[in-house]
Amino acid sequence: MTSSSGLTFYVTSHGFGHLNRSVAVINRIPPEIPVTIRSDPSLFAHWGERLQRPARLEPHASDLGALNPPGDSARTDGPGTLAKAAEVHRRAMNMIDDETAKLRDEGTAAILCDATPVPLVAARRAGIPGFLLANFTWADIYQPHAKKLGPDAGQTVREIRAAYRHASTLFRAEPALKMAWLPNVVEVGMVVSSGVDRRAELRAKLGITSSEKLVYFYIGRYGQANLGWERLERLDGVHFVGFHSAPSGPMANLHVINPTEWTGADLAASSDAMVAKAGYGTACEAMVARVPFIYPPRTGFAEHRVLDKALRNWGGGIPISSRDFAALRLEKHLKKAFGLRPGPPPFPSDGASRVANHLLEVIRARERTVGDI
C-alpha cells in the first residue's frame, strides 16, 4: 500500500485510558499501513510503552479534557475546566486551516479521534472520513457545569458539540453515554487490550507466596500525597503492585513495576483484586479479566455514572466512599473482593478489532478508487 493510504489518530491528553484504548486499535492495523499519532508530547514515552507496530508521533493539542482540584483527581473543577476549554478550543479552531491543509497534503485516508473534536472539522474540510471513538464527548462532560456558569460557558459547549457533529461515524465504545445527538453510530462494545495472566511470574518476581493476596493498585501515574498510605502496610498477607511508589517512601507490601515490561491489563489479569479510580481503561481491564474492582466515586464527571452502573451490573464492582478511599480504609472492601468470582463482562470485548476492521475497509476502498483512476 502507498503512503496515501495512511491513517492519522488524534488522541486527547486527558488520561491514559484514551491512549490505551486507541493503542488497542492501532496495534491491530497492519504494519504496512502508515500510521501517524498526534497527541500531547508528554505522552510520547508512554506510547512507546504500548505500541507494537511502527507509528510516527507528532505533537498536537486541540482539547483540554477536565481539570481537577490540586491533589484530588476524584472531582472536576467545573469553572476552571470551562474557562480553559474555551481558550483551547478557540485556539485550535483558529488553526483549522493549517490542519486541513496538512491532511490534504499528506494524502491521509482517514482520521480517528479519541476523543478530541476539532480534527473532525479539519477532516470534513479535507474531504476525508473523520471517525470518533468515544464513550463520551467533552460536550457531555461540560454541559452540567455550563448550566451553572451562564451563557458564555453554554456557548463553549455548543461550539464543541458542533465540532463533534463533523464526525462521519461514531464508534460508540461501551460502557458509554448515549450521545444520541451524534449521527451514524456504530456500536463496537468494549475497546480494550486483554491482559495476559502472568501471576506465577509476578509472584516469583516479588517473592510473594501463593497464600498471600495480590492487588493491582492504580490511582493515576502522578499519585496522591494526601491518601492514607500508612494503612496499606497494616494489611497482613496483602501485597499491592502498581507503577508508582508511595510519596512517603518505600513500603514493604507496595511493589513498583516497570511499565515497559508490564501493562495495566497484565497486572489486572494477574491479580486477585484491583483498587483504582474508575476510568474507562481500568473498568474495562477489570471486567475483561474478571477481577473484582474497588473504586471511589468521581464528582462532576458524567462518564462515572455509566461506568459505575456497568461495574455494579457486572457483579465485580465494589464502590467505596470518598472518605474510605482517602484514608485507604480497604479492609472490608478487600475481604468482599477476595470472595467474589465475577463472570464475563456485560459487553462484547472485541471492539478494538471491530474498529480496526472498519478502518481497513476504508483503506481498501480508497486503494480501489485510486487504482481505477
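A short reminder: the numbers here are calculations on the coordinates, not readings from a lab. Note that the structure is a prediction, hence the values are computed from the model and not measured. Counting neighbours? That spans all protein chains shown, and the Cβs are built from the backbone with ideal geometry, glycine included.
For the reader, a short list of remarks on this structure follows.
- Against the chain, whose longest principal axis is taken from its Cα atoms, helix 138-149 shows a tilt of about 80°.
- Here L177, L82, L232 are placed in order of increasing Cβ neighbour count within 10 Å, fewest first, which gives L177, L232, L82.
- With 0.36 nm allotted per residue and the present C-alpha distance subtracted, the A365-S42 stretch has 112.8 nm of extension available.
- Expressed to the nearest 5 percent, the antiparallel share of DSSP beta bridges inside the chain is 0 percent.
- Bridge type composition, segment 199-338 - antiparallel percent by DSSP, nearest 5: 5 percent
- Listed by Cβ neighbour count within 10 Å, with the fewest neighbours leading, T8, T100 appear as T100, T8.
- Rounded FRET efficiency, nearest 0.05, which uses the C-beta distance separating L177 from K213 and R0 of 30 Å: 0.30
- Rounded, prolate or oblate (a/c below 1.5 giving rounded, otherwise prolate when a/b exceeds b/c) for segment 261-350 by Cα gyration tensor: rounded
- Across K205/K332; K213/K336; K205/K277; K213/K277; K309/K332; K205/K336, pairs whose alpha-carbon gap is larger than 24 Å: K205/K332; K205/K277; K205/K336
- Most fluctuating residue given options L120, L170, L330, as computed from a GNM of the chain linking Cα atoms under 10 Å: L330
- Placing +1 on the Cβ of every Lys and Arg and -1 on the Cβ of every Asp and Glu, with no other charges, gives segment 199-338 a dipole of roughly 440 debye about its Cα centre.
- Cα→Cβ-extended label distance, 7 Å offset, between N184 and S248, nm: 5.4 nm
- With respect to the chain, whose longest principal axis is taken over its alpha-carbon atoms, helix 303-314 is tilted by about 60°.
- Seen from L330, the other residues with C-beta closer than 15 Å to its C-beta sum to a net charge of +3, counting Lys and Arg as +1 and Asp and Glu as -1.
- Taking a sphere under 13 Å around the Cβ of C284 and counting the other residues whose Cβ falls inside, with K and R at +1 and D and E at -1, yields a net charge of -2.
- Helical runs assigned H by DSSP (4 residues or longer) give the chain a calculated mean residue ellipticity at 222 nm of -12500 deg cm²/dmol, each run adding -39500 (n - 2.57) before division by the residue total.
- Extension gain for M95-T299 works out to 70.1 nm (0.36 nm per residue, less the C-alpha to C-alpha distance).
- A cut-off under 13 angstrom between Cβ atoms defines the neighbours of L182, and their net charge, with Lys, Arg +1 and Asp, Glu -1, is +2.
- The long axis of helix 351-372 is offset from the longest Cα principal axis of the chain by roughly 20 degrees.
- Residues Q52 and E230, FRET efficiency given R0 of 45 Å [Cβ-Cβ distance, rounded to 0.05]: 0.70
- Longest site-free stretch - the chain; sites: GluC sites (Glu not before Pro), DSSP loop, at most 11 other Cβ within 10 Å: 33-260
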